[in-house]
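These notes concern the structure reproduced below.
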Amino acid sequence: MKLGIVGVTGMVGRVMIDLLEKRNFPLKKLYLSASNKSIGKTIFFKKRTYKVISIYDLFKKKPDIVLFSAGSNISKEWAKKFSDIGSTIIDNSSAWRMDSEKKLIVPEINASCLCKKDKIIANPNCSTIQLVMVLFPLHIKYIIKRIIVSTYQSVTGTGKQALDQLYQEEKGIFSKKAYPYPIYQNILPHCDSFTENKYTLEEIKLINETKKIMNNYNIGITATAVRVPVIGGHSESVNITFEKKPDIDCIYKILLKIKGIIVQDNPKKNIYPMPLYAHGKDEVFVGRIREDFSFQNSINLWIVADNLHKGAATNAIQIAEYLTQKNYV
Ligand code: 2RA
């Protein structure tokens, strides 16, 4: 198995490298590619150093799988070129997610829809992945009618520049970089850009991707995506209205059975998910599960996950593992 990573020096790319090693992904050859400024840098993997190469040189290697995490423009320019030479692309950008010909995959939910013909596979947005991981099993049982979600998103979702801005501001150095306002001791109701309808692209991704992954375009979804000065991961406050009357004990039993979900919910002992403790983990954490007494067939819950792990790198590598196990690549 020849695997390439495009965007290896980014925050997600670095987590991909760690996870390929930790999960002992079956690799014969590994090629690491990044932007021109990083070409020639060395990266450590399984006690060996690998030189970062250009995407042109990666293309010549004809990798079996290419993990893209270098933004939409690179994906739009290169994914098709790689698939035309037989590579299978797992793309972490938004470039292909809403393309009707491309599959948007969270392995625990819809990996079974993949086949050998799928050569460009989209990895959903981080805030979508953690949301649908919890919603989908509940939808199967109770049929979701409506979702209201507010997110509290880590600065790591914006990238290293945002992380640096937070660290600098903590030291009292304020210079507008990743965000139009200070993020230290502040929160911004603004993730990605605003659109004509006053929603942000992040909110629109959450709404549209959730419907595509759950293959249900009748679900009513509304979202508010907020940036918070947190490192460990994204948090989400979710209100769900079902067609059928939900039973809270049954919801616990359903979620406890899902691989990749950890239920942390004991208010009497102050037990609930928090990004500080989700940081670096591959699971999705859910808690604060409770009836919404204000509206019929409704509940509230709280979801936390490391956006660089299950929200990006872990999910992409799980897709690659699935393709390998099925001999699709
Ligand atoms: C964010 N989900 O958090 C977006 C991109 N990873 O900014």
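The values are calculated or read from the model by the stated rules, or taken from the named source; none is laboratory data. A quick note: this is a predicted structure, and the numbers were derived from the prediction, not measured. Don't worry about glycine lacking a Cβ; one is built from the backbone with ideal geometry, like all the others, and counts go over all protein chains shown. To get the accessible areas, we keep the full protein, side chains included, count just its heavy atoms, and leave off ligands, DNA and RNA. Shrake-Rupley method; radii C 1.70, N 1.55, O 1.52, S 1.80 Å.
Would you be able to tell me the number of residues in segment 289-316 that are away from the ligand (no atom under 16 Å from the Cβ) and either outside the structural domain of LYS269 (by TED's automatic domain parsing) or within 16 Å of TYR277 (Cα to Cα) (or both)?
Step one: of segment 289-316, the residues away from the ligand (no atom under 16 Å from the Cβ) are 289-302.
In the following step, the residues that additionally are either outside the structural domain of LYS269 (by TED's automatic domain parsing) or within 16 Å of TYR277 (Cα to Cα) (or both) were identified as 302.
Matching residues across segment 289-316 total 1.
Residues in segment 79-92 that are in contact with a helix residue (DSSP H, G or I) (Cβ under 9 Å, 6 or more places away or on another chain), within 22 Å of PHE25 (Cβ to Cβ) and open to solvent by 10 Å² or more (accessible area, probe 1.4 Å): how many?
2
Which of (1) in contact with a strand residue (DSSP E or B) (Cβ under 6 Å, 6 or more places away or on another chain); (2) open to solvent by 50 Å² or more (accessible area, probe 1.4 Å) does LYS257 not meet, given it meets every other one?
Failed condition: (1).
Pull out all pairs, ordered by first then second residue, where Cβ-Cβ is under 9 Å, the residues are six or more apart or on different chains, the first lies in segment 266-278 and is closer than 17 Å to ASN300 by Cα, and the second is of a type in the set (Lys, Arg).
PRO267/ARG288; PRO267/ARG290; TYR272/ARG288; PRO273/ARG288
Among the residues of segment 172-184, count how many are open to solvent by 60 Å² or more (accessible area, probe 1.4 Å) and either of a type in the set (Asp, Glu) or away from the ligand (no atom under 16 Å from the Cβ) (or both).
So the answer is 4.
In segment 7-57, how many residues are more than 16 Å from the ligand (Cβ to nearest atom), under 24 Å from LYS81 (Cα atoms) and open to solvent by less than 30 Å² (accessible area, probe 1.4 Å)?
10
Consider PHE136 against the criteria (1) in a helix (DSSP H, G or I); (2) more than 13 Å from the ligand (Cβ to nearest atom); (3) open to solvent by less than 20 Å² (accessible area, probe 1.4 Å): it satisfies all of them except one. Which criterion is unmet?
(3)
Among the residues of segment 300-315, are any open to solvent by 20 Å² or more (accessible area, probe 1.4 Å) and more than 23 Å from PRO107 (Cβ to Cβ)?
Checked against the condition, which is being open to solvent by 20 Å² or more (accessible area, probe 1.4 Å) and more than 23 Å from PRO107 (Cβ to Cβ), segment 300-315 yields at least one hit.
Any residue that is closer than 29 Å to VAL12 by Cα and within 17 Å of the chain's Cα centre (by Cα) - is there at least one of those in segment 246-259?
yes
Provide a single number: the residues in segment 152-165 that are within 16 Å of LEU276 (Cα to Cα) and either surrounded by fewer than 22 Cβ atoms within 10 Å (Cβ to Cβ) or more than 8 Å from the ligand (Cβ to nearest atom) (or both).
Qualifying residue count for the region: 3.
Just checking, which of GLU236, GLU169, GLU202 is in a helix (DSSP H, G or I) and within 16 Å of the ligand (Cβ to nearest atom)?
Step by step, each of GLU236, GLU169, GLU202 is checked, and only GLU202 is in a helix (DSSP H, G or I) and within 16 Å of the ligand (Cβ to nearest atom).
Just to be sure I understand, how many residues within segment 185-202 are crowded, with 17+ Cβ neighbours inside 10 Å and out of contact with any helix residue (DSSP H, G or I) (no Cβ under 9 Å at 6 or more places or on another chain)?
Qualifying residue count for the region: 2.
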